[in-house]
Amino acid sequence: MKVTNPTKITVKDFNFYYGTAKVLHGITLDVPERQVTALIGPSGCGKSTFVRSINRMNDIIPDAHGEGTVLIDGKNVYGKETDVVELRRRVGMVFQKSNPFPKSIYDNVAYGLRINGTKNKRDLDETVEKSLTRAALWDEVKDRLHASAFALSGGQQQRLCIARALAIDPEILLMDEPASALDPIATTKIEELIYELKSNYTIVIVTHNMQQAARVSDRTAFFMLGKLVEYGDTKTIFMNPREKMTEDYVTGRFG
Amino acid sequence: MQRHFDRDIEEIKQLMLRMGGMVEQQMIESVRALMDRDTDLAQHVIDRDRDIDQMELTIDQKTIELMATMQPAASDLRFVATIMKITPELERIADLAQDVCERAIELNREPQLKPISQLPLLAENAQRMVREALDSFVRGDAELARSVIRRDDVVDQLTEDSFRSLLTYMLENPRNIASAIRLTFIGKYFERMADNATNICEMVVYLVEGKMIKHSPMQ
């Protein structure tokens, strides 16, 4: 196993409830820094709930609450002193469906900086270019930065959302099915991008596409019915998993 | 849940077994051709090698198709990898049976040497190893595979013993040298077949347990 990187996110005995329904049961796992950790499992297994617990996106759901420990760099995400806005700046998120703002390409990427108070045009220009370059989109849009974001293709919109997340300089990127609505070419671009980004960011990706998990991730966690069944080196999960349930899932024997 | 993939795997498994059966038959008949000095039978074995080559191509093709279309994982992946590694071993065993027959035909053109006891024993051991290697694959029996691997030392010893006996014949009478050298080759062929059986068994352990034991001293 190549878990040589230090731990970025520590999750310990974490439970989560929607009302009285318990949807995550005692999840314990460590996410290594600057690696890609994939979460796989059938629909409804809790992987999205889990990933949304890391940046407290679940806070906005009424009647939902978590218990247990989620630490980032050793600091409790659910602690009283945690500033949720600051937390979400550090932990960026990309969703299944690209969701650009009804603004220009430029303004989408600059948005986070502007609301954080950056007004200097040079600073904005610089960050917009840097973020779009990191998201492998710059060359495709540099001549039409002020065109509407909606004029972009689905794959480009998704990379724009990644650029927007990168603009505020996060440490962690959470990706919830970032390529499931994209064609194979756009998917390949996103996967290549994930591979590039991991040298600077800690990435947690939820995916239904097991081959994608196998291709992009260093570590894979298999969730089932709200429980973490197996967590390990991606190669082990796909070549020789320890648990029968994991074996059945990755070979499609499930059911 | 029964998967389309399971049918493909079963089909490849059946092809492998048919190939295994053909290879075993080649081994048996090559030994008989040698012992009975039966040139016709030897020629028959040589001619039939083409069928086995064809079988190898068919299995390769089907396995590659399976990889391309099904993207196998976990035990499926190990199965596919095992097939890709085992098929050439079987094909190689058949080639060696063909080599035995070629030497047998040459021997039949020369006066018969007095028989040496180790060679039939060597052939019998190699045959058994190949048969049990195939059994271990079919049954997914890593224990049997390991026991076959351990027996390779016996075959190595028998090869050495038969070589020493043949060396004695050569020293006794230089006119024995040509035949004795051919028989030495044959001993080596059987020893190689046992090695191929060992390789198959190493892959069976990988298939069943996910452990790669080849080149490791602690098999």
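For the reader, a short list of remarks on this structure follows.
- Any hit, the stretch B:72-85, residues being at positive phi, at pLDDT below 95 and not β-branched (Val, Ile, Thr): yes
- Scanning the stretch A:5-14 for residues that are surrounded by fewer than 16 Cβ atoms within 10 Å (Cβ to Cβ) and in a strand (DSSP E or B) returns A:12, A:13.
- Pairs with Cβ under 8 Å, 6+ apart, first in the stretch A:6-24 and under 13 Å from residue A:76 (Cα atoms), second open to solvent by 40 Å² or more (accessible area, probe 1.4 Å) and charged (D, E, K, R): A:8/A:33; A:8/A:34; A:8/A:73; A:8/A:171; A:9/A:30; A:10/A:30; A:11/A:30; A:14/A:67
- When the criteria are applied in full, residue A:86 meets the requirement of being charged (D, E, K, R), at pLDDT below 95, out of contact with any helix residue (DSSP H, G or I) (no Cβ under 8 Å at 6 or more places or on another chain) and under 24 Å from residue A:198 (Cα atoms).
- For the stretch A:127-138, the criterion of being modelled with pLDDT of 95 or more, touching a Pro at 6+ places or on another chain (Cβ under 6 Å) and closer than 20 Å to residue A:114 by Cα is met by none of the residues.
- Candidates are the residues of the stretch B:140-179 that are outside any helix (DSSP H, G or I) and on the phi < 0 side of the Ramachandran plot; the one that is surrounded by the fewest Cβ atoms within 10 Å (Cβ to Cβ) is B:173.
- Matching option when the condition is open to solvent by less than 30 Å² (accessible area, probe 1.4 Å), without any contact (Cβ under 8 Å) to a residue 24 or more places away in the chain and assigned to a helix (DSSP H, G or I), among B:45, B:80, B:100: B:80
- Some residue of the stretch A:112-128 being open to solvent by less than 60 Å² (accessible area, probe 1.4 Å), closer than 17 Å to residue A:204 by Cβ and in contact (Cβ under 8 Å) with a residue 40 or more places away in the chain: no
- Unmet criterion (only one of (1) without any contact (Cβ under 8 Å) to a residue 24 or more places away in the chain; (2) in contact with a Leu (Cβ under 8 Å, 6 or more places away or on another chain); (3) hydroxyl-bearing (Ser, Thr, Tyr)) for residue B:179: (1)
- Of all residues in the stretch B:59-74, those satisfying the criterion of being open to solvent by 30 Å² or more (accessible area, probe 1.4 Å) and within 14 Å of chain A (Cβ to nearest Cβ) are B:67, B:68, B:69, B:70, B:71.
- Selection from the stretch A:181-195 of residues that are of a type outside the set (A, V, I, L, M, F, W, C) and under 16 Å from residue A:161 (Cβ atoms): A:187, A:189, A:191
Per-residue answers, yes or no, for (1) of a type in the set (Phe, Trp, Tyr); (2) within 14 Å of another protein chain (Cβ to nearest Cβ); (3) under 21 Å from residue B:20 (Cα atoms):
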{"position": "B:163", "(1), (2), (3)": "yes, no, no"}
{"position": "B:167", "(1), (2), (3)": "no, no, no"}
{"position": "B:196", "(1), (2), (3)": "no, no, yes"}
{"position": "B:199", "(1), (2), (3)": "no, no, yes"}
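- Residue check, residue B:128 closer than 28 Å to residue B:49 by Cα and either under 16 Å from the mean Cα position of the chain (by Cα) or in contact (Cβ under 8 Å) with a residue 40 or more places away in the chain (or both): yes
- Search result, residues across the stretch A:54-66 that are among the β-branched types (Val, Ile, Thr), surrounded by fewer than 16 Cβ atoms within 10 Å (Cβ to Cβ) and closer than 18 Å to residue A:226 by Cβ: A:61
- Which listed residue, of A:69, A:37, is surrounded by 13 or more Cβ atoms within 10 Å (Cβ to Cβ), touching a residue at least 12 places away in the same chain (Cβ under 8 Å) and closer than 28 Å to residue A:116 by Cβ: A:37
- In the stretch B:180-194, the residues that are out of contact with any helix residue (DSSP H, G or I) (no Cβ under 6 Å at 6 or more places or on another chain) and either basic (Lys, Arg) or crowded, with 18+ Cβ neighbours inside 10 Å (or both): B:188
The values are calculated or read from the model by the stated rules, or taken from the named source; none is laboratory data. Quantities reported herein were computed from a predicted structural model and do not represent experimental measurements. Cβ coordinates were reconstructed from backbone atoms using ideal geometry, including for glycine residues, and neighbour counts include every protein chain displayed. Ligands, DNA and RNA are excluded from the accessible area calculation, which covers all protein heavy atoms including side chains. Shrake-Rupley method; radii C 1.70, N 1.55, O 1.52, S 1.80 Å.
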